[in-house]
Amino acid sequence: MVEERGTGTDRVRAAEALLNTADRVQFDRHISSLLRQDLVAPCMPVIKAAVERGVTRLAELALLISAAHRADAAWALEAARRLIAIKPGQRALEELHEVVPEAEGA
């Protein structure tokens with residue numbers, strides 16, 4: 001049907017616009033309708049950029065948690081453990097070292 005109507009390019013542009021917000025907007029499982037291979041392949045640059053922004057945000061969250069540790073150690077410890085549980089990456093773990101010393105090796 002897409003080929004019949006000639007809307008393939010428009011569909012890709014619409015998918016790109018939505019996927020470009022995936023690091024900021026919660027789609028829950030509804031995003032799966034955009035993850036069809038015919039849309040994923042042409043949208044890879046947008047997907048990669050959204051994932052990179054999300055990963056960077058995890059490190060920024062770790063920095064916020066570390067700063068909050070001085071004001072509310074109990075909350076920061078709990079927040080750090082939740083972030084560590086999702087395996088945020090080495091940079092985030094390094095930021096959390098002050099809150100959870102064993103975080104760097106996690």
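One table, with the values for the structure above:
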quantity	calculated
Listed residues Thr9, Pro42, Leu64: farthest to the positive end of the dipole of the chain (Cβ charges)	Thr9
Pair Gln26, Glu78: separation of 7 Å Cα→Cβ label points (nm)	1.8 nm
Of all accessible heavy-atom area on the chain, the percent that carbon and sulfur account for (1.4 Å)	57 percent
Mean Cα-pair separation over length for the chain, i.e. relative contact order, pairs under 8 Å, 6 or more apart, %	22 percent
Heavy-atom accessible area per residue - the chain, 1.4 Å, Å²	68 Å²
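The values are calculated or read from the model by the stated rules, or taken from the named source; none is laboratory data. Bear in mind that the values here come from a model prediction, so they are computed numbers and not experimental data. A quick note on method: Cβ atoms are made from the backbone with ideal geometry, for glycine too, and the neighbour counts reach across all protein chains shown. These area figures cover heavy atoms from the full protein model, side chains too; ligands, DNA and RNA do not enter into them. Shrake-Rupley method; radii C 1.70, N 1.55, O 1.52, S 1.80 Å.
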